[in-house]
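J.: One structure coming up, written as structure tokens, with questions to follow.
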Amino acid sequence: MKTQLLTQNDLKQASLIIKNGGLVAIPTETVYGLSANALNGKAVEKIFKAKGRPMDNPLIVHICNINDIYKLVSDFPEKARILAENFWPGALTMVLPKSNIIPFEVSAGLETVAIRFPSHPIAMKFIEECGCPLAAPSANLSGSPSPTTARHVMDDMNGKIDAVIDGGECDVGLESTVITLAENPPRLLRPGGVTLEEMEKIIGHIEVDNAVLNALKENQKAASPGMKYKHYAPKAKVILLRGSDENYIDFVNNIIDNNTIALCYDEDIPYIKIKKMSYGIKNDYISQAHRLFSVLREIDKDESTKLVYARCPDTTGMALAVYNRIIRAAGFEVIDIG
Ligand code: TXA
Ligand code: MG
């Protein structure tokens, strides 16, 4: 299959692909998504094949009008309504009890469905042009970092999907926040573009699912199936180093081989003597979210790099999402360096 590289001027043409049951990767404000008609189970199945995604991992359904939610869910509770009013369109995904028009492939057999109303102008226009909700996971091969440019999508998906719409670089740089409102109190399943603190200010206490910060045990069931898989990982092995600026710099400067890279903050760069890359500014969590996935992909371009010593992010505000992704990239391996 030849994958067409399209632009925002080709939305009509791209919408025909969706109407014919094909796959189109689209820009959103978080990361690129790989979209299909969410109401066509056969089309949705192709997403799993193209990504190599386990069939038990459900997809997010994207809408372009809040009223579209009523036919997709069987209950839209008060707290969900308030979150929608405050954060939609935007980087928030809500898990709600599903209606019976949701195909089995989308919800992977669960009783719930995840819904998001993205704010990216191309995504909004495209959903409207298609005239149907779009099921879309991140447009990467399963397990690798999510794509934040059309180039990243092509690197993973060229030849596997019908088209990519190039909308430039994604603004947020990591995926939406996933929260379930199918239970009370609501529970955060995946931190992302909207922070826990911002949501709690508006709807009060939110539980944080154990899988947000910790590795699931062997036989533990994942509330959000996506959280149980190794994720966001470059080919090189990643280890997080938790400790002070000085100890981090000392630790990496003591390494003598040429196969190791320091994944640090901008401020560390002048002091580090081994190979290095930065994933953002130390106290600027937004910059870290924006850069993390693209730097993880960048690291893999140098095949001699076998080991990555990354600085361990904070866990408040947007940094919780950065931490959640990078700890998975590291397979939960953290060394305390004081
Ligand atoms: O920003 C984003 O959310 C991007 C863009 C394209 O919208 N999409 C994205 O999709 O990140 P994906 O498939 O890579 O991640 C969706 C996550 C997975 O961890 C999945 O398990 C979870 O949401 N999820 C989907 N439906 C769910 C459900 N019914 N219950 C619990 N978790 C669900
Ligand atoms: Mg994903």
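J.: When you go through (1) at pLDDT 95 or above; (2) in contact with a Phe, Trp or Tyr (Cβ under 9 Å, 6 or more places away or on another chain); (3) within 27 Å of Gly143 (Cβ to Cβ) one by one for Ile249, which number turns out not to apply?
T.: (3)
J.: Same structure again: Surrounded by fewer than 23 Cβ atoms within 10 Å (Cβ to Cβ) and touching a strand residue (DSSP E or B) at 6+ places or on another chain (Cβ under 6 Å): does that describe Ser74?
T.: Judged against the criteria, Ser74 is a match.
J.: A further question on this structure: Going by the conditions given, is Ala223 within 25 Å of Gly52 (Cβ to Cβ) and either touching a strand residue (DSSP E or B) at 6+ places or on another chain (Cβ under 6 Å) or part of a loop (DSSP other than H, G, I, E, B) (or both)?
T.: yes
J.: Among the residues of region 137-152, are any more than 16 Å from ligand 2 (Cβ to nearest atom), over 17 Å from the mean Cα position of the chain (by Cα), open to solvent by 10 Å² or more (accessible area, probe 1.4 Å) and at pLDDT 95 or above?
T.: no
The values are calculated or read from the model by the stated rules, or taken from the named source; none is laboratory data. Small disclaimer: the values here were computed from a predicted structure and weren't measured. Glycine gets a Cβ as well: all are built from the backbone with ideal geometry, and neighbour counts include every protein chain shown. Please note that ligands, DNA and RNA were not included when accessible areas were found on the heavy atoms of the full protein model with its side chains. Shrake-Rupley method; radii C 1.70, N 1.55, O 1.52, S 1.80 Å.
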